[in-house]
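I have placed the structure first, in the form of structure tokens, so that the comments after it can refer back to it.
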Amino acid sequence: MLVSEILRLLPESLEWMVLFNLSAIGQLTDANTIRAMYHLPPETPLEPYSHVVLTSQGRFLAAQNGLKLVEAESGEIWDGDRTPASLANRYSQRLSLVPVDAADCLGLAEEQPFPPVLLHLRLEGDCGQAQAIFEQEPCFDHYELLQAVGVKFLGGEEKEDYYLARFQNRLPIHIHAGILSHFSRTAHCNIFFFRHGNIDAFIESGLLQASQVRVAWSKQRCFTGLAKLAVTACQKSLSMTCQPPAPEKPFPYGDLVPLGFVLRSLNQALQEGDAPPELVAAQQQLQSHLLGQRQGELWAFHSHCLITATDSALVLLGLHEPASVEALEQFADGQGGYYPQRWSEAEEPGRMVVDDSCRHWCQSDYATTCLVRWLRREVGLIEKTPIEYLIDGFEQRSGLYFANPYLVDWVLAEAIRKDGQAAPLRDRLLNEVMASLNSDYSFGKYDVALSTALGILTLGALGVSDRTIRAVQLRLMELLNYPPQKTPAIPFYSSLKASETAPEHSQAAVLNEFFNRSQSSQKQIRTIAGQLHGISLYLDTYQMISTALIALALAQSCDATKRELNWKTDMNECHPRYRCRDHSEYIAKFALPPYLK
């Protein structure tokens, strides 16, 4: 039955009506879920009907063939005459503004004391594009919570005698939110529109509940996935992928550092209690595996390779080993900083052989120093890095091997967590991070899911625990699926300086020529501080680091009823390090230059 025909069958006396195209909804979910969504009797067959019609006087089903409505509970037929006294007549002026018969969802209402309202939604794949005819522009308080049910406000405009609001509805998210609540709040969607898009305390409470349940569900799903990865990683090497500049080929490298992130996340799952036995077993197995990979007291990036301070510190994120943390002092520079590794001009055990290509690695690293300060505080050791060291390096903070600015921010935030002397530094960092918050509550321009997870963790370490966390968590969950993650994140990099001898035949000239012919989107050969560098990127091939950080971000606690931070930040004040379009741009402009002076 056509939507327009249904409207002519419904009496004008109805306070409200919302109908749904069963065929369109059936493309997104199964019949049992549809019956639960609309509170239809379990035995109700759906095939004979075109639409489910919810009204202020009951639930009806519109027949596929013939102009008749069936009362959902009793199965009795309600035959209505096409009379002027119908909803079609009552709302004719508003209905003329939308393509009625193209609607997959149409809502009409006039609930006192509110004026008439109309909602028109058309499904495009799994996404509903909705228009709402409101009396005036709504108040946008609490709109960040609409993400909890897959709804996003796309903007609106004033018309002659109404306000046209546009929304997007991710139906799989919307339906899943309903499943998690056992469809106990399905009326809230209607009430939101009936009240012209204004979120009152009742609707806010429902959205807060929906957000809490969805975050908890997604977090547990991440924990479960990590437990499976942990077991597999204990049985065989699951390496990151090193992607050097072309024409060199990618190769597997980095099977230990990702496990430190995984173990930290599994530790969090156990701390929350009620962890399933398989998760407990995976955590114990992974912990034993990492301890077995230790060389002396420390670790390498990859099994049986050179131990470094940076890699050991990253592995120690998942282990409470005071002796290993103390062993990092062999990398101290004597001024509060830490070298990423030890080196020598000739081969020596436990040292990197240095040449001109990697000589810039042989200096204190800000990110590594933050990691060591964090770990010493976490295991109860006396701090060796004065707060002045971190303050002095703040403006140019980066890491020799960190390819994401938010990864640097996170380790800095943890390094100064609850430090009484660090309050001004925490404020500076918080202001910069909040100024980089995107309008959709995400962080970053590349690896946005990873950046957003790190943004949440940074805010949490800086003491933020209000609705800001929840708003970003909701966006993070959407980023996991829309669009689906096709390429792994790149948390780390390394760089080698090219030779500058014999310019016409030099390595630099060859690399430059290749670069000019390269079609790669990432410019991995760049001139930085007057030096030509080849940049190698390290891909999180099995998404262990990404998933672990996302799980930790979703586990970040907050009181979403409180709104303490001002999100209306001026994007012109955002530091350009957060506006880089890809890893190589960030590395060339911000990460590497401080180490090439």
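The values are calculated or read from the model by the stated rules, or taken from the named source; none is laboratory data. Because the structure is predicted, anything quoted here is derived from the model rather than measured. Methodologically, a virtual Cβ is constructed for each residue, glycine included, from the backbone with ideal geometry; neighbour enumeration extends over all protein chains shown. The protein model used for the area step is the full one, side chains on, heavy atoms only, and it has no ligands, DNA or RNA in it. Shrake-Rupley method; radii C 1.70, N 1.55, O 1.52, S 1.80 Å.
Looking only at region 369-405, how many residues end up being in a helix (DSSP H, G or I) and out of contact with any strand residue (DSSP E or B) (no Cβ under 6 Å at 6 or more places or on another chain)?
Within region 369-405, residues that are in a helix (DSSP H, G or I) and out of contact with any strand residue (DSSP E or B) (no Cβ under 6 Å at 6 or more places or on another chain) number 16.
How about region 105-137: which of its residues are open to solvent by less than 10 Å² (accessible area, probe 1.4 Å) and not in a strand (DSSP E or B)?
none
List pairs: first residue in region 108-133 and more than 18 Å from Leu164 (Cα to Cα), second residue of a type in the set (Asp, Glu) anywhere in the structure, Cβ distance under 8 angstrom, at least six positions apart or on different chains.
From residues that are more than 18 Å from Leu164 (Cα to Cα), the pairs are Glu111/Glu15; Leu123/Asp104.
Identify the single condition in (1) of a type outside the set (A, V, I, L, M); (2) under 30 Å from Gly254 (Cα atoms); (3) free of Cβ contacts under 8 Å to residues at least 60 places away in the same chain that Arg428 does not satisfy, given that it satisfies every other one.
(2)
Within region 313-340, how many residues are of a type in the set (S, T, N, Q) and open to solvent by 10 Å² or more (accessible area, probe 1.4 Å)?
2
What are the residues in region 260-304 that are open to solvent by less than 20 Å² (accessible area, probe 1.4 Å) and within 16 Å of Leu375 (Cβ to Cβ), if any?
If the condition is that a residue be open to solvent by less than 20 Å² (accessible area, probe 1.4 Å) and within 16 Å of Leu375 (Cβ to Cβ), then Gly260, Phe261, Leu263, Leu290, Leu298, Trp299 are the ones that fit.
Checking the structure you have, find out if any residue of region 131-139 is of a type in the set (Phe, Trp, Tyr) and in contact with a His (Cβ under 6 Å, 6 or more places away or on another chain). Even if it seems obvious, please write down each step before you answer.
Narrowing region 131-139 to residues of a type in the set (Phe, Trp, Tyr): 134.
Keeping just the survivors that are in contact with a His (Cβ under 6 Å, 6 or more places away or on another chain) gives 134.
Checked against the condition, which is being of a type in the set (Phe, Trp, Tyr) and in contact with a His (Cβ under 6 Å, 6 or more places away or on another chain), region 131-139 yields at least one hit.
Answer yes if at least one residue in region 243-257 is closer than 29 Å to Gln330 by Cα, open to solvent by less than 10 Å² (accessible area, probe 1.4 Å), assigned to a helix (DSSP H, G or I) and in contact with an Asp or Glu (Cβ under 7 Å, 6 or more places away or on another chain), and no otherwise.
Checking region 243-257: at least one residue is closer than 29 Å to Gln330 by Cα, open to solvent by less than 10 Å² (accessible area, probe 1.4 Å), assigned to a helix (DSSP H, G or I) and in contact with an Asp or Glu (Cβ under 7 Å, 6 or more places away or on another chain).
Output the residues belonging to region 437-465 that are surrounded by fewer than 24 Cβ atoms within 10 Å (Cβ to Cβ) and not aliphatic (A, V, I, L, M).
Hits for region 437-465 are Asn438, Ser439, Asp440, Tyr441, Ser442, Gly444, Lys445, Tyr446, Gly460, Gly463, Ser465.
Counting just the residues of region 105-140 that are in contact with an Asp or Glu (Cβ under 8 Å, 6 or more places away or on another chain) and charged (D, E, K, R), which one comes out farthest from Val213 (Cα to Cα)?
Glu110
Has region 59-72 got at least one residue that is open to solvent by 20 Å² or more (accessible area, probe 1.4 Å), over 39 Å from the mean Cα position of the chain (by Cα) and aliphatic (A, V, I, L, M)?
For region 59-72, residues open to solvent by 20 Å² or more (accessible area, probe 1.4 Å), over 39 Å from the mean Cα position of the chain (by Cα) and aliphatic (A, V, I, L, M): present.
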